[in-house]
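Nothing in this text is a laboratory measurement; each read-out follows from the coordinates by a stated rule. A quick note: this is a predicted structure, and the numbers were derived from the prediction, not measured. Here the Cβ positions follow ideal geometry from the backbone for every residue, glycine too, while neighbour counts run over all protein chains shown.
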Amino acid sequence: MLRAIVISPDEDLAAELAAAAPETGLAIVRRLDRYPGPGELPLILTVHAPQVLFLSLAARERAFELAREAGQSVPGIQIAAIHRSCEPDVLLELMRAGIRELVTAPVSRPELESMVGRLGEAVTRKPPAFPSSDLAFTVLPAKAGVGASTVALNAAVALAAQPDTRVLLADLDLNSGMLRFMLKLQNECSVLDACRHAANLDERLWPRLVTSLGNLDVLHAGRMNLEMRVDTFQLRHLLDFARRLYRVIVMDLSGNMEKYSINLIHESKRVFLVTTPELPALHLAREKLVFLQGEGLSERVWLALNRVSRRDAMTAEQVERLLETPVAFQFPNDYAGVHRALAAGGAVDANTDFGKRFQELAREMLHIRQPKPKKRFIEYFSVASARDGRQEAGRKDRAG
């Protein structure tokens, strides 16, 4: 079915169109009984992603302004007019505005069905071009307690500080989510509420679900509830909705590899696998790397080594050899700085070494530059063996 929005101060005519729509292959996802104000229409279109916009000609000049605004913000969107009558001057103005379809009262279902068919063909030839960001990132802890939520939060804050970057931070650890505590959020709505309303999300409901902190919106996991379940289909709707609204989406996962978590990793541009240099965390990091490799996702993994200090038993190079994966990012151990941030309910100080790493990380995430892979430990022997073989062959040639 074609998704449509109806904008009409003439509520009776809009209701007549809505009553006839379902049997003609038209799904009206939003009706407005007023003309949107300046700059309001692009957000409405982005939120609902309609293929067709029905505009009332009750105020023709404003209707034509909205038609031009819709065409500029969403190339390919089909526009049809609705009006009480079909006078010659109306048809002439429609033609000048580039609008080829007109619905008049009383609404005829056969005529509307024919129009929907023409609109559908036009949509097939040139689908509407809605914004949809591919910058979705998942943060996956090797094990509980490695600081993955700290990484997710501070990365999101650093991203939101970049120019023209609106960010959504979503806590998908449904049993032990920490973001609500870390930011001292008072909003009772959670990611589960967003999932339940995934099919009806709009520009009126969404602000009540998230907590806005400047260019960063946060959707927390809610209170602990061991019976919590999330529908993967609803979560996919939620992610598609978020892709249209935000430049970057950061999702903090539990590490338990639930079905929905695996689906989100598949939908991500990159997955940050966060570990510390301790052996138990590295052991589980290796297990998750093997799993992700089996899912065909190894190329998307960025290994993040957290709480690095000079006293660590293993260096980053040793971690790379053990896991056979390059360390993409390292974060220094800053217990005092993280504690101050928790007490204040915010991010770490951007002027500290720890905070500066997240600014670097944000720039990398926006540019998506893949870290250059390092050779696995075993490959050093292969290279040395090949080099020694070439040198021996050269000596024999010279001797001969």
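Observations on the structure shown:
- Summarised as an ellipsoid, the chain has semi-axes of 52, 27, 18 Å, derived from the eigenvalues of the Cα gyration tensor scaled by 5 and square-rooted, with the largest first.
- Across the range 356-365, coupling constants 3J(HN,Hα) worked out from phi with the 6.51/-1.76/1.60 Karplus curve, θ = phi - 60°, read 5, 4, 6, 5, 5, 4, 4, 5, 5, 5 Hz, and Gly and Pro carry x.
- Note on H266, H83, H220, H48: ascending count of other Cβ atoms within 10 Å places them as H266, H48, H83, H220, the fewest first.
- Taking a straight Cα-Cα cut-off under 15 Å and skipping sequence neighbours fewer than 8 places away in the same chain, the aspartates and glutamates within cross-link reach of K184 are D171, D217.
- Span per principal axis, largest first, for the Cα atoms of the range 53-200 (Å): 71, 33, 32
- Within a Gaussian network of the chain (alpha carbon springs, distance under 10 Å), most fluctuating of G255, G296, G177: G296
- Nearest-ten-degree value, helix 232-245 long axis tilted from longest Cα axis of the chain: 80
- Cβ-Cβ FRET estimate between A316 and E295, R0 fixed at 22 Å, reported to 0.05: 0.30
- Which listed pairs, of K143/K269; K143/K356; K143/K288, have C-alpha distances above 20 Å, in listed order: K143/K269; K143/K356
- Ranked by how many other Cβ atoms sit within 10 Å of their own Cβ, fewest first, the residues D193, D171 fall in the order D193, D171.
- The charge dipole of the chain, taken about the Cα centre with unit charges on the Cβ atoms of Lys, Arg (+1) and Asp, Glu (-1), comes to about 1680 debye, rounded to the nearest 20.
- Segment M95-D349, extension gain: residue separation times 0.36 nm, minus the distance between their alpha carbons: 85.6 nm
- Degrees, to the nearest 10: 279-294 long Cα axis against longest axis of the chain: 50
- Average silhouette area of the range 2-125, convex hull of alpha-carbon atoms, in square nanometres: 6.7
- Charge dipole (the chain, unit charges on Cβ, about Cα centre) - positive-most of F64, L201, M95: L201
- Selected from S132, V47, A304, residue furthest toward positive end of dipole (the chain; charges at beta carbon): A304
- Segment H266-R34, length gained on full extension (0.36 nm per residue, minus Cα span): 79.4 nm
- Sites E121 and C86 - FRET efficiency at Förster radius 30 Å, r taken between beta-carbons, to 0.05: 0.85
- Using the Cβ-Cβ distance between D202 and A105 with R0 = 25 Å, the FRET efficiency computed as 1/(1 + (r/R0)^6) comes to roughly 0.35.
- Label point at E278 placed 7 Å out along Cα→Cβ; residues across the range 128-149 whose backbone nitrogen lies under 17 Å: 141-149
- Mean residue ellipticity at 222 nm, helices only, the chain: -14000 deg cm²/dmol; runs of at least 4 DSSP H residues each add -39,500 (n - 2.57), and the sum is divided by the number of residues.
- Rounded tilt (10° steps) of 60-73 against the dominant C-alpha axis of the chain: 20
- Between P141, P88, P277, the Gaussian network model of the chain with springs among Cα atoms under 10 angstrom shows the greatest mean-square fluctuation at P88.
- The range 2-125, relative contact order [Cα under 8 Å, separation at least 6], %: 30
- Given their separation in residues at 0.36 nm each and the Cα-Cα distance between them, A144 and D240 gain 31.7 nm when the chain is fully extended.
- Along its principal axes, the range 158-208 has C-alpha extents of 32, 28, 18 angstrom, given from the largest down.
- Of the beta bridges in the chain, as assigned by DSSP with both residues counted there, near 5 percent are antiparallel.
- Relative contact order for the chain: 15 percent, from Cα pairs under 8 Å spaced at least 6 residues apart, divided by residue count.
- Take every pair of alpha-carbon atoms less than 8 Å apart whose residues are at least six positions apart; their mean separation over the length of the range 310-367 yields a relative contact order of 23 percent.
- Cα point-scatterer Debye curve for the range 190-267, base-10 log of I(q)/I(0) at q = 0.22 Å⁻¹: -1.19
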